[in-house]
Amino acid sequence: MEAAKLVKQVNPAIPPEVIQAGVSGRVELSVTIAKDGAVRNIQVLNGPPPLVAPVLQAVRQWVYEPTLLNGQPVEVTTTVTVNVASNR
């Protein structure tokens, strides 16, 4: 099986009030990568609550190269970690 390769990554749009509050951290998600490379079935595993919604919105737009098993695209579930640093 080939590992999933991210081909389109959208960064989360963190609201100004969250940035001003100095909120940072890691948001961990369980995602299913569909046969066409689209992200589906996102579940939040962990992360600071103010960061979860913007990270979810961004990750929904991510696109991967299809994962291949014996040359055929397959659906896979993986864990995605998004690090958000405070610019404060």
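Region 1-35 and region 56-88 have Cα centres spaced 8 Å apart.
State the dimensionless ratio Rg/Rh of the chain (Rg: radius of gyration of Cα atoms; Rh: Kirkwood radius).
Working: Rg = 14.3 Å, Rh = 13.6 Å.
My calculation of the ratio gives 1.05.
Values quoted throughout were computed directly from the atomic coordinates according to the rules given, and no laboratory measurement underlies them. Quantities reported herein were computed from a predicted structural model and do not represent experimental measurements.
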